[in-house]
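First comes the structure, then the notes that go with it.
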Amino acid sequence: MKTYLKITSFLFVSLSFFSCEKNITETTIKEKYTQYFNANIAGQSLNIKGSIDENRDIFSGSWTGVGNSDGTQKDMYRVKVTVPRTFLNTTLDAKLSFQVYDIKPGIYLLSDAKAYQKDFANHMYLATNVGLENSNFYTTNEQKNPFKIEITKYEKPKDSSVPIVGGKINGTLYNIKNLRDSIVIKDGVFEVRF
């Protein structure tokens with residue numbers, strides 16, 4: 001009986017050592033997402049990088065899901081960029097904005113001069129000296145060559161419904177008061193999420 005008790009005690013002590021293993025947990029550090037906008041605007045190179053908590057005041061994107069009466073949804077995405085006043089020799093920084101409705105990878109040719117006035121339309125504009133007497137508004141025009149937006153990336157990460165949007169922009173925007181006054185934007189590339 002003593003032998004039986006010794007064996008049982010030995011097994012009990014042995015099992016308790018095996019069951020007390022330390023569990024090692026790994027912490028995955030998620031890399032911060034960096035978005036960017038690079039373009040030649042009026043002959044000058046604009047390069048902006050940022051994240052959800054840096055440079056959002058000068059470069060950001062916003063996604064909107066537009067629900068239809070049949071239960072389906074169309075995605076709309078808008079990008080906003082602040083263009084420094086030195087680029088266009090203005091009093092205030094200029095505001096560049098473009099929007100793609102029903103967005104997916106592909107080429108969008110914009111030429112409607114009034115598209116920026118519609119909520120659900122593809123458009124692009126640049127506004128200078130907003131709120132001042134000498135403000136100007138530049139957008140596309142149907143009498144001129146279309147402005148090209150090419151969406152090369154549109155994907156929703158597994159952990160979010162907010163997409164990452166990337167692409168290229170090239171074209172000319174025209175002053176709505178004077179078509180001879182224009183601003184050329186070329187070799188634009190961007191990727192944005194926030």
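FYI, it's all coordinate maths here, none of it is from the lab. Keep in mind that this is a model prediction, so the values were computed, not measured. Reconstructed Cβ throughout: ideal geometry from the backbone, glycine too, with neighbour counts over all protein chains shown.
Could you list all residues from region 29-77 that are of a type in the set (Gly, Ala, Ser) and over 26 Å from Ile185 (Cα atoms)?
Residues satisfying the conditions are Gly65, Gly67, Ser69, Gly71.
Name every residue in region 157-183 that is among the aliphatic types (A, V, I, L, M), farther than 18 Å from Glu142 by Cβ and not in a loop (DSSP other than H, G, I, E, B), in order of residue number.
Ile164, Val165, Ile169
Return yes or no: is Leu110 touching a residue at least 60 places away in the same chain (Cβ under 8 Å) and among the hydrophobic types (A, V, I, L, M, F, W, C)?
The answer is yes for Leu110.
Checking Phe37 against (1) surrounded by 18 or more Cβ atoms within 10 Å (Cβ to Cβ); (2) outside any strand (DSSP E or B): exactly one of these is not met. Which one?
Every condition holds for Phe37 apart from (2).
Tell me the residue from Asn134, Asn141 that is surrounded by 14 or more Cβ atoms within 10 Å (Cβ to Cβ) and under 21 Å from Leu173 (Cα atoms), please.
Going through Asn134, Asn141 in turn, the sole match is Asn141.
Looking at Asp102, Asp112, which is the one that is among the acidic types (Asp, Glu) and at positive phi?
Matching residue, one of Asp102, Asp112: Asp102.
So, in region 88-136, exactly how many residues are assigned to a loop (DSSP other than H, G, I, E, B) and more than 25 Å from Tyr154 (Cβ to Cβ)?
So the answer is 14.
Among the candidates Leu92, Leu96, Leu88, which residue alone is in contact with a Gly (Cβ under 9 Å, 6 or more places away or on another chain) and surrounded by 13 or more Cβ atoms within 10 Å (Cβ to Cβ)?
Step by step, each of Leu92, Leu96, Leu88 is checked, and only Leu92 is in contact with a Gly (Cβ under 9 Å, 6 or more places away or on another chain) and surrounded by 13 or more Cβ atoms within 10 Å (Cβ to Cβ).
Can you name the condition, by its number, that Val66 falls short on among (1) of a type in the set (A, V, I, L, M); (2) within 19 Å of Asn170 (Cα to Cα); (3) out of contact with any Asp or Glu (no Cβ under 7 Å at 6 or more places or on another chain)?
Failing condition for Val66: (2).
Have a look at Gly71, Gly65, Gly61, Gly43 and point out the one that is loosely packed, with under 13 Cβ neighbours inside 10 Å and under 21 Å from Gly167 (Cβ atoms).
Gly65
Of all residues in region 149-160, which are surrounded by fewer than 16 Cβ atoms within 10 Å (Cβ to Cβ) and in contact (Cβ under 8 Å) with a residue 24 or more places away in the chain?
Answer for region 149-160, where residues must be surrounded by fewer than 16 Cβ atoms within 10 Å (Cβ to Cβ) and in contact (Cβ under 8 Å) with a residue 24 or more places away in the chain: Thr152, Lys153.
Would you mind finding the one in Ser97, Ser111, Ser135, Ser161 that is in contact with a Pro (Cβ under 6 Å, 6 or more places away or on another chain) and among the hydroxyl-bearing types (Ser, Thr, Tyr)?
Of the residues listed, the single one that is in contact with a Pro (Cβ under 6 Å, 6 or more places away or on another chain) and among the hydroxyl-bearing types (Ser, Thr, Tyr) is Ser111.
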